[in-house]
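Take a look at the structure below.
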Amino acid sequence: MSQLPVPQHIAIIMDGNGRWAARRGLSRSEGHQAGAEPLRALLTAARKAGVKYLTLYAFSTENWGRPEEEVRGLFELLSKYLKSELDELLATGVRLMAIGELEDLPPLAAEALRSALEASADNRGLTLTLALSYGSRAELTRAARLLAAEAAAGRLDPRKIDEQALEDRLWTAGQPAPDLLIRTGGDMRLSNFLLWQCAYAEFYFTPTLWPDFGPEDFEAALASYRRRERRFGLAESPGLPTAAAD
Ligand code: IPE
Ligand code: IPE
Ligand code: MG
């Protein structure tokens with residue numbers, strides 16, 4: 001059987017920071033700090049492999065329910081990360097994007113994000129999308145609200161609402177759907193991440209806790225993906241074009 005080309009878009013649920021910390025007698029916030037460590041090597045490996053889009057689940061709409069101190073620590077970490085890594089991101093041609101209820105971010109994190117988004121807007125390398133205060137249900141509800149408002153205002157014929165119309169109103173509008181979804185930490189669920197977009201994604205679950213996720217784990221996920229047969233509901237695989245970078 002022929003192997004699949006490199007996934008164009010990989011989405012990752014970076015889970016297990018809390019358990020990583022608990023096993024070491026550390027605080028959950030220290031676990032999140034350790035969770036920033038794998039990112040540099042991951043970005044390098046993804047770029048080298050020829051991945052074009054990498055979407056990282058960093059904070060869910062449900063994560064607001066965590067202790068205030070943990071939430072504050074997470075957004076401080078985000079601000080720090082964006083500042084310390086910006087030069088490297090720019091030097092490697094990364095275009096940063098963000099999806100989620102960004103208006104709910106604490107001011108300092110929102111400002112760090114805004115300047116990183118602006119600085120990298122013209123880059124044409126890997127698109128790195130951070131899902132921040134992101135929830136699929138919120139995203140789909142918002143899209144429905146936008147469609148309803150346009151229809152009520154007479155700008156949109158309800159009979160013309162098709163899948164594309166809904167997709168165009170998601171935060172991910174314009175991006176291809178993930179080919180591969182990776183979740184670390186051992187749980188096998190989506191936790192409200194990219195429900196619409198992952199309709200035909202291949203899933204890869206690993207017990208590795210996120211702070212321990214290294215290039216060899218990334219390579220294992222890619223190797224597993226290569227062996228899959230994607231049929232998209234057809235009787236046979238439609239035969240995807242081979243990626244040039246494979
Ligand atoms: C994932 O790690 C990071 C975020 C959700 C922000 P967790 O904090 O969920 O770690 P576990 O699942 O408790 O180990
Ligand atoms: C998913 O992990 C969210 C992120 C990784 C940001 P959670 O730890 O919040 O998911 P559940 O609660 O185990 O489903
Ligand atoms: Mg978790």
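The values are calculated or read from the model by the stated rules, or taken from the named source; none is laboratory data. Owing to the predicted nature of the structure, the values given are computational and were not obtained by experimental measurement. No Cβ is skipped: glycine too gets one built from the backbone with ideal geometry, and neighbour counts run over all protein chains shown. When the accessible area is computed, the model is the full protein with side chains, heavy atoms only, and any ligands, DNA or RNA have been set aside. Shrake-Rupley method; radii C 1.70, N 1.55, O 1.52, S 1.80 Å.
The conditions are (1) touching a residue at least 40 places away in the same chain (Cβ under 8 Å); (2) more than 12 Å from ligand 2 (Cβ to nearest atom), and LYS48 fails exactly one of them. Which is it?
Result: LYS48 fails condition (1) only.
For segment 177-192, enumerate the residues that are closer than 15 Å to LEU140 by Cα and open to solvent by less than 30 Å² (accessible area, probe 1.4 Å).
Matches in segment 177-192: ASN192 only.
Do we find a residue being within 16 Å of ligand 1 (Cβ to nearest atom) and either part of a helix (DSSP H, G or I) or under 21 Å from PHE193 (Cβ atoms) (or both) anywhere in segment 147-154? Before the answer, list the steps.
Here is the first cut: in segment 147-154, the residues within 16 Å of ligand 1 (Cβ to nearest atom) are none.
No - not one qualifying residue is present in segment 147-154.
Does at least one position in segment 212-228 carry a residue that is farther than 30 Å from ALA22 by Cβ and buried (at least 18 other Cβ atoms within 10 Å of the Cβ)?
Yes, segment 212-228 contains at least one residue that is farther than 30 Å from ALA22 by Cβ and buried (at least 18 other Cβ atoms within 10 Å of the Cβ).
Taking the criterion of being closer than 22 Å to GLU216 by Cβ and either aliphatic (A, V, I, L, M) or over 19 Å from the mean Cα position of the chain (by Cα) (or both), would at least one residue in segment 56-67 satisfy it?
Yes, because at least one residue in segment 56-67 is closer than 22 Å to GLU216 by Cβ and either aliphatic (A, V, I, L, M) or over 19 Å from the mean Cα position of the chain (by Cα) (or both).
Could you check how many residues of segment 187-218 are under 14 Å from ALA11 (Cα atoms), in contact (Cβ under 8 Å) with a residue 60 or more places away in the chain and hydroxyl-bearing (Ser, Thr, Tyr)?
1
Restricting segment 39-53 to residues that are assigned to a helix (DSSP H, G or I) and open to solvent by less than 30 Å² (accessible area, probe 1.4 Å), which is nearest to ligand 1 (Cβ to nearest atom)?
Going through the qualifying residues, I end up with LEU39.
Applying the selection to segment 146-163, what residues are of a type outside the set (D, E, K, R) and surrounded by 15 or more Cβ atoms within 10 Å (Cβ to Cβ)?
Step one: filter segment 146-163 for residues of a type outside the set (D, E, K, R), giving 146-149, 151-154, 156, 158, 161.
Within segment 146-163, LEU146, LEU147, ALA151, LEU156, ILE161 meet the criteria.
Just give me the residues in segment 164-176 being touching a strand residue (DSSP E or B) at 6+ places or on another chain (Cβ under 7 Å) and either over 20 Å from GLN8 (Cα atoms) or open to solvent by 50 Å² or more (accessible area, probe 1.4 Å) (or both), in sequence order.
TRP171
Of (1) free of Cβ contacts under 8 Å to residues at least 12 places away in the same chain; (2) of a type in the set (Ser, Thr, Tyr); (3) outside any helix (DSSP H, G or I), SER84 satisfies all except one. Which?
Answer for SER84: the failing condition is (3).
Give the number of residues within segment 1-38 that are open to solvent by 50 Å² or more (accessible area, probe 1.4 Å) and assigned to a helix (DSSP H, G or I).
Going through segment 1-38 one residue at a time, the tally reaches 6.
Take the residues in segment 3-42 that are of a type in the set (Val, Ile, Thr) and farther than 17 Å from ASN63 by Cβ; name whichever of them is farthest from the chain's Cα centre (by Cα).
VAL6
Look through segment 97-145, keep the residues that are assigned to a helix (DSSP H, G or I) and among the basic types (Lys, Arg), and return whichever of them is least open to solvent (accessible area, probe 1.4 Å).
Looking at the filtered set, the residue picked out is ARG142.
Considering every residue within segment 157-164, establish whether at least one is of a type in the set (D, E, K, R) and within 20 Å of THR61 (Cβ to Cβ). It would help to see each step written out before you state the result.
Keep residues of segment 157-164 that are of a type in the set (D, E, K, R), which gives 157, 159-160, 162-163.
Narrowing further to those that are within 20 Å of THR61 (Cβ to Cβ): none.
No, segment 157-164 has no match at all.
Return a yes/no flag: does segment 54-73 have any residue that is open to solvent by 40 Å² or more (accessible area, probe 1.4 Å), within 16 Å of ligand 2 (Cβ to nearest atom), in a helix (DSSP H, G or I) and under 16 Å from GLY185 (Cα atoms).
no
Give me the pairs: first residue in segment 167-185 and over 13 Å from LEU146 (Cα atoms), second residue small (Gly, Ala, Ser), beta-carbon distance under 6 Å, and six or more apart or on different chains, which are they?
PRO178/ALA11; PRO178/ALA201; LEU181/ALA11; LEU181/ALA201; ILE182/ALA221; THR184/GLY16; GLY185/GLY16
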